[in-house]
Amino acid sequence: MAEFEVAKGESVPFVLTWYQSHGKPPRAVNPKHALRDTEKYWKDWAGCCEHTGKWKDAVVRSLITLKGLTYAPTGGIVAAATTSLPEKIGGVRNWDYRYCWLRDATFTLFALTRAGFVEEARSWRGWLLRTIAGSPAQMQILYGTRGERRLPEFEIEWLTGYENSRPVRIGNAAATQFQLDVYGEVMSSLYHAQQAGIEIEETDWRLQVALMRFLESHWQEPDEGIWEVRGGAKHFTHSKMMAWLAFHRAVQLIEKGGMPANKHLARWKKIRDQIHREVCERGYNSKVKAFTQHYGSDALDASLLMTPMIGFLPIDDERVRNTIAAIERDLVVQGFVLRYKPEQENVDGLPGDEGVFLPCSFWFAICLNWLGRKKEAHELFERLLALRNDLGLFSEEYDPREKRLLGNFPQAFTHVALISTVHFLEERAINRLIR
């Protein structure tokens, strides 16, 4: 620890250096030179962004955030740089986000490739393929930056937590959950990578075929879903839609991408159509007039805003419009969107509530835009931008009453959602995700 005073107009450079205690100190750093080199690197990198438009600055800031959350040696992108920043001040919804989620893959690859950063997307895809290699039955939903699988969750009892929000957790038990939606996200991300010119090697395709074979016999099972609930596995509607997306992308990779798996084509088409019928029959609640959180449920879930975004049903389908209307009626709080109501059906198995969910609020803006409510969509997007801190960074959630960001920080998922929303609002990528 060191203390020093800095007077007005004065500059006092200093450096912090870490090295293993049994090793020799690294070469001394000249702070002025290091600052100059760092600024030049980031300015040169950001200058390669191909995005133009009204919100370019916000897009570039979010792309810089994704780059900053990347572990360069492997290409893995962590969900956030922190652990245990609470989703409710004083509550127990405190998780460790310093890991790489497969779920981020689809939107991350989309965001990087659309902005012209193909090499970063290639690196992320490489991390993904190396990490999930092996038995499809052993695929996890999150890994360490180097592909680590064992991420045991434990609590640090002697720490008081951020503003007395306990417990402080290290590790993440969600790594052991079965989450059906990740298969759709993995297949979709690899499809988009190919469409961006990143070719699929023969060994990569064999891995994808193995994933689809596993999914053929497991898509009917309940899972913990996109929100990683701890209240027990269910037949989550969003998860089934993403299983449909996995088969849809596999079919497209054969029909559009020229991948050699014609012997599987008819079977995958049949399963794809079977899942679609089941979701429409069991996932849509005619009483609620909406696709609901899980089969037989009356609860709403904002993840179903993605229904038209993944191409499961078009935006003009009455069931889609009804679902968006129901979410707007029951899950919108002061203009922003909750993931779901935690107290309803106690689906997540945790006490207390949480803030509005920023990625879901961005998805809502996309849906409003597609519904022709462009003015409202743009206004919502501007309100979301206003929630960033002074450095242009987002967390995962926001408390509209206390007017403060909540959850781990900065949050990759939120910044990816921002980038995708800009593309859709500027109509540069209409239907890009669903093709």
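Looking at the stretch 348-384 only, could you name the residues that are more than 16 Å from V333 (Cα to Cα) and under 18 Å from the mean Cα position of the chain (by Cα)? I366, C367 - these are the residues of the stretch 348-384 that are more than 16 Å from V333 (Cα to Cα) and under 18 Å from the mean Cα position of the chain (by Cα).
Q334: in contact (Cβ under 8 Å) with a residue 24 or more places away in the chain and surrounded by 21 or more Cβ atoms within 10 Å (Cβ to Cβ), yes or no? It would help to see each step written out before you state the result.
Working: in contact (Cβ under 8 Å) with a residue 24 or more places away in the chain: yes; surrounded by 21 or more Cβ atoms within 10 Å (Cβ to Cβ): no.
Taking the combined requirement at face value, the residue does not satisfy it.
Checking each residue in the stretch 69-83 for being outside any strand (DSSP E or B) and under 18 Å from F394 (Cβ atoms) picks out L69, V78, A79, A80, A81, T82. On the stretch given as the stretch 125-159, residues that are in a loop (DSSP other than H, G, I, E, B) and surrounded by fewer than 11 Cβ atoms within 10 Å (Cβ to Cβ) total 5. Would you say F394 is over 19 Å from S84 (Cα atoms), at pLDDT 95 or above, hydrophobic (A, V, I, L, M, F, W, C) and surrounded by 21 or more Cβ atoms within 10 Å (Cβ to Cβ)? Here the answer is no, as F394 does not meet what is asked. Scanning the stretch 278-331 for residues that are part of a loop (DSSP other than H, G, I, E, B), in contact with a strand residue (DSSP E or B) (Cβ under 8 Å, 6 or more places away or on another chain) and among the hydrophobic types (A, V, I, L, M, F, W, C) turns up L300, L331. Answer yes or no as to whether K54 is among the basic types (K, R), out of contact with any helix residue (DSSP H, G or I) (no Cβ under 8 Å at 6 or more places or on another chain) and not in a loop (DSSP other than H, G, I, E, B). So K54 fails the test. Looking for something touching a Cys at 6+ places or on another chain (Cβ under 6 Å) and of a type in the set (G, A, S) - is there at least one such residue anywhere in the stretch 295-308? Yes, the stretch 295-308 contains at least one residue that is touching a Cys at 6+ places or on another chain (Cβ under 6 Å) and of a type in the set (G, A, S).
Among all residues of the stretch 97-108, there is none that is touching a Lys or Arg at 6+ places or on another chain (Cβ under 9 Å), under 25 Å from G225 (Cβ atoms), in a loop (DSSP other than H, G, I, E, B) and hydroxyl-bearing (S, T, Y).
Rundown of residues vs (1) hydrophobic (A, V, I, L, M, F, W, C); (2) out of contact with any strand residue (DSSP E or B) (no Cβ under 9 Å at 6 or more places or on another chain), yes/no style:
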position	(1), (2)
L112	yes, yes
G116	no, yes
L159	yes, yes
F178	yes, no
Y191	no, yes
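The values are calculated or read from the model by the stated rules, or taken from the named source; none is laboratory data. Values in this document were obtained by computation on a predicted structure and should not be read as measured data. Glycine gets a Cβ as well: all are built from the backbone with ideal geometry, and neighbour counts include every protein chain shown.
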